[in-house]
Amino acid sequence: MKRIITSGVALAATLTALALVLPGSAAATQDRADASGPHYYTTKTPYGPQESARDYQPVPKGFAPVFTENVARHGSRAMTDSGDGDAVLAVLDSAKDQGALTPLGAKLGPRVRTLLSGATTIGYGNLSGRGAREQRDTALRMERRLPSLLSDITADHEPIEVETSGVARAVASADAFTDGLTAGDPALAGLIQEPVTNKDLLYFHKQPQNADYQAYLDDDPDLAAVIAKIDGQADTAKAATHVVSRLFGEDFVAAMSGDDRVSFARSLYELYSAAPDLRAEAPGVDLDPFLAPRDAHWFAYLDDAEEFYQKGPAFKGRTITYDMANVLLDDLFAEVRAKADGTSDKGAVLRFTHAEEIEPLAVLLGLPGSTKGADVNRPYTYGNNPWRGADVAPMAANVQWDLYGRTTGRGTQYLVRMLYNEKETAFKASCEPVAKGSRFYDLNELERCYHRG
């Protein structure tokens, strides 16, 4: 491959490119505002890169990028349906009819209606304007990190393969990402292939071959018991009562059953966590004032617990929630190996998927905060486990592998660097980097420690 270099000549250009960042914008200003206080949006957290390319390690001497691939969750989106909004509005309307709204409660209904209206403009479950921007900006930053690779892809007419789950928000994310690539380098347009649907690879949690996983979600007694135990804690009722007490008068609150209070509070939390993803469609809708931070924190924990047990490391000693992601890890290895062996002419492989695929892949890769399972008799809490949905699988979460090559008199050596949400990230502890503390790993070593190849 002609782009593999035998000296450090291209290294300076690469390092210069790594120092580039996207310019500021009104959207970036809004992102900073979103991050100005404590927020508890869990897996609905809008995306932001976790490290500046300026802080990346230098590429080892003589190596140049020859291939890149990613696995990305779709970007920010509208809520799946209007159910939570309808439920909240029904209670608000009842309270209004009875003159039972507090001054704060009176402000909630119009905001919820605006939020629902914004969702309907793009369609429930579909990619939002913010989600499209997340993907475009990620693509532009990728180009700035790997300028020589993108130039060589263009010069060598190498195809860029695009795969999706086939779900509308994943397809739209792929389109937004590739739009970002062509905006940065129009010459790539003719090399980006039409997206193909691969449900076995990128929507595996719903496929027939994973019926055992689906049975786990529906019927596993341990799962049902632990979720019921977590949800049934006294703090849930306490937080729900605090939520409704801020919005409704005492008599109205007293007439609500405990289950009604919890149901209302949880639906409100779902809207609270969805609102930031619809900034473009429902500008100015901020539901943070309607959930005190302590209450938002508690309902975020309940949401994270469900994600943890359904899609994450779940119960210690059991692998049902993440075994199925091996198909995706196999594909990551297959693509870098094919490039290294010269059996693939692809310049890049781009995949767009869902949290149900990112979370189990994170377990298999050993990504930070993703791997610790819970004892059956000691449920997951924020105090005993580092797993957080906002860190593991925010909107537009992504894993990127960059393949670097160097040719010497002894042949060609290939290194892999992993970025997790654009942060240089170590592979699992049993893998040895090329030097202590390095984020670069020999491809053969990665195949050994992940039992591939």
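The values are calculated or read from the model by the stated rules, or taken from the named source; none is laboratory data. Since we're looking at a predicted model, the values are computed, not measured. Note: ideal-geometry Cβ built from the backbone for every residue, glycine included; neighbour counts use all protein chains shown. We work out accessible area using only protein heavy atoms, side chains counted, and drop any ligands, DNA or RNA first. Shrake-Rupley method; radii C 1.70, N 1.55, O 1.52, S 1.80 Å.
Segment 320-361 to segment 413-453: how many Å between their Cα centroids? Taking the Cα centre of segment 413-453 as reference, the centre of segment 320-361 is 15 Å away.
Please give the peptides 335-342, 146-153 ranked by average Cβ packing (other Cβ atoms within 10 Å per residue), highest first, as a rough proxy for protection. Kindly include the intermediate steps, with their values, before the conclusion.
Numbers: 335-342: 17.8, 146-153: 21.2.
Final packing ranking: 146-153, 335-342.
Going by average Cβ neighbours within 10 Å, how do the peptides 51-59, 227-235, 292-300 rank, with the highest at the top? Working shown, then result.
Working: 51-59: 14.9, 227-235: 12.9, 292-300: 19.2.
In descending order of packing, they fall as 292-300, 51-59, 227-235.
A Cβ-based charge dipole, computed about the Cα centre of segment 312-431 with Lys and Arg at +1 and Asp and Glu at -1, lands at about 400 debye.
Just check segment 351-453 against the gyration tensor rule for me: Cα atoms, a ≥ b ≥ c as the square roots of the eigenvalues, rounded for a/c under 1.5, and otherwise prolate or oblate depending on whether a/b exceeds b/c. Don't jump to the answer; show the numbers that get you there.
On the way: a/c = 2.58, a/b = 1.92, b/c = 1.35.
Because a/c hits 1.5 or more and a/b exceeds b/c, segment 351-453 counts as prolate.
Fully extending the segment from THR319 to GLN233 would add 28.3 nm, taking 0.36 nm per residue of separation and subtracting the current Cα-Cα distance. Backbone phi angles across segment 197-208, fed through the Karplus curve with coefficients 6.51, -1.76 and 1.60 (θ = phi - 60°), yield HN-Hα couplings of 8, 9, 5, 4, 8, 10, 8, 5, 5, 9, 8, x Hz in residue order; Gly and Pro are listed as x. With R₀ set to 30 Å, the beta-carbon distance separating ASP260 from ALA225 gives a calculated FRET efficiency near 0.80.
Distances between placed amide hydrogens fall under 5 Å for ALA397 paired with ARG73, all partners being 5 or more residues away or on another chain.
Under the 0.36 nm per residue contour assumption, what length would be gained going from the current alpha-carbon distance of SER94 and ASP345 to full extension?
Details: separation 251, 0.36 × 251 = 90.36 nm, distance 6.31 nm.
Full extension of this stretch gives 84.1 nm more.
Against the chain, whose longest principal axis comes from its Cα atoms, helix 258-274 is set at around 40 degrees.
Calculate how many DSSP beta bridges within the chain are antiparallel, expressed in % of all such bridges and rounded to the nearest 5. Antiparallel bridges make up about 60 percent of those DSSP assigns within the chain.
Put simply, when 200-210, 343-353, 248-258 are sorted by average Cβ atoms within 10 angstrom per residue, most first, you get 343-353, 200-210, 248-258. A helix-only calculation puts the chain at -14500 deg cm²/dmol for mean residue ellipticity at 222 nm, using -39500 (n - 2.57) for each DSSP H run of at least four residues, averaged over all residues.
Rolling a 1.4 Å sphere over the protein heavy atoms, what is the accessible area per residue of segment 107-166, to the nearest Å²? All intermediate terms of the calculation are to be shown ahead of the outcome.
Working: 2010 Å² over 60 residues.
That works out to 34 Å² for each residue.
Just subtract the alpha-carbon distance of ASP185 and ASP200 from 0.36 nm times their residue separation and send over the number in nm, one decimal. All intermediate terms of the calculation are to be shown ahead of the outcome.
On the way: separation 15, 0.36 × 15 = 5.40 nm, distance 3.16 nm.
Residue separation times 0.36 nm, minus the Cα-Cα distance, leaves 2.2 nm.
Take the Cα of GLN193, step 7 Å toward its Cβ, do the same at SER151, and the gap between the two points is 2.7 nm. Label zone of LYS107 (point 7 Å out along Cα→Cβ, amide N under 18 Å): in segment 246-289 this covers 246-249, 268-269, 271-273, 275-276, 283-289.
Any chance you could give the angle, 0 to 90 degrees and rounded to 10, that helix 221-231 forms with the longest Cα principal axis of the chain? Helix 221-231 and the main axis of the chain meet at about 60 degrees.
Scalar couplings 3J(HN,Hα) for segment 147-160, obtained by applying the Karplus form with A = 6.51, B = -1.76, C = 1.60 to θ = phi - 60°, are x, 5, 5, 5, 5, 5, 4, 5, 5, 8, 6, 7, x, 10 Hz; x denotes Gly and Pro. What the Cβ-Cβ distance of SER430 and ASP86 gives, at R0 = 35 Å and to the nearest 0.05, is a FRET efficiency of 0.10. Can you classify segment 292-407 as rounded, prolate or oblate using the Cα gyration tensor, where a ≥ b ≥ c are the square roots of its eigenvalues, rounded means a/c under 1.5, and otherwise it's prolate if a/b beats b/c and oblate if not? It is prolate, given that a/c is not under 1.5 and a/b is the larger ratio. Kirkwood hydrodynamic radius of the chain, from the reciprocal of the average inverse Cα-Cα distance over all distinct pairs: 23.4 Å. Note on ALA292/ASN444: beta-carbon distance plugged into 1/(1 + (r/R0)^6) with R0 of 51 Å gives a FRET efficiency of 0.45.
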